[in-house]
1. Once amide H atoms are built 1.01 Å from N in the peptide plane, which residues 5 or more positions from Leu80, or in another chain, come under 5 Å H to H?
2. Take each of the peptides 91-101, 6-16, 60-70, average the number of other beta-carbon atoms within 10 Å over its residues, and list them starting from the highest.
3. Of the listed peptides 78-84, 124-130, 34-40, what is their order by residue-averaged count of other C-beta atoms within 10 Å, with the highest listed first?
4. Quick one: if you stick a label point 7 Å off each Cα along the C-beta vector at Thr79 and Asp104, how many nm between them?
Amino acid sequence: MFKNILLGLDGSAESTRALELARKIAAEDAAVHIAIVHVREFMIAGRAGMQTTRADEEDLEAIVRKQADELAASGVDSTLTVVSTTTGGPAHVIADQAKERGADLIIVGTRGHTGLSGLLLGSVTQRLLHVSPCPVMAVPSGVAVELSGGQGKTAAAVS
């Protein structure tokens, strides 16, 4: 059904669940290509130059690179792109990447914010739902999905 998937990873447990769902879809259809995108956000810090918005960005990027390498090593047709941005936020970058790549699905994790906390705190997934050029599969925690081949269960769901 979906042949060109864009997978947004940020190194969090939530995005790992999104990765497992993407892996499941690819296992069911070998023709699937997964374009992994990691967005490195920078803020302008006056004369000090630009700083990443997350202090542990280097560690998170290493996690994402390892996940991408493991996915490719498992035989899934996949690529990794790391994009830096100072404006618009990750949702817009992910949407732009999906449009450029002709993605027919975006898969991302979510922290499971309620509507009110998402409104107050902001949410990449929530914003992505408004700017995406294609369907978005948001994978919350707490629901198990059986992986193909009986490889056990991973917490994942589609909302």
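1. Ile36
2. 6-16, 91-101, 60-70
3. Put in order of decreasing packing, that is 34-40, 124-130, 78-84.
4. Once both label points are built, they end up 1.8 nm from each other.
Computed from the coordinates by the stated procedures, all read-outs in this text should not be read as laboratory data. Note that the coordinates shown come from a computational prediction; the quantities given were computed from them, not determined experimentally. As a convention, Cβ positions derive from the backbone with ideal geometry for all residues, glycine included, and neighbour counts pool all protein chains shown.
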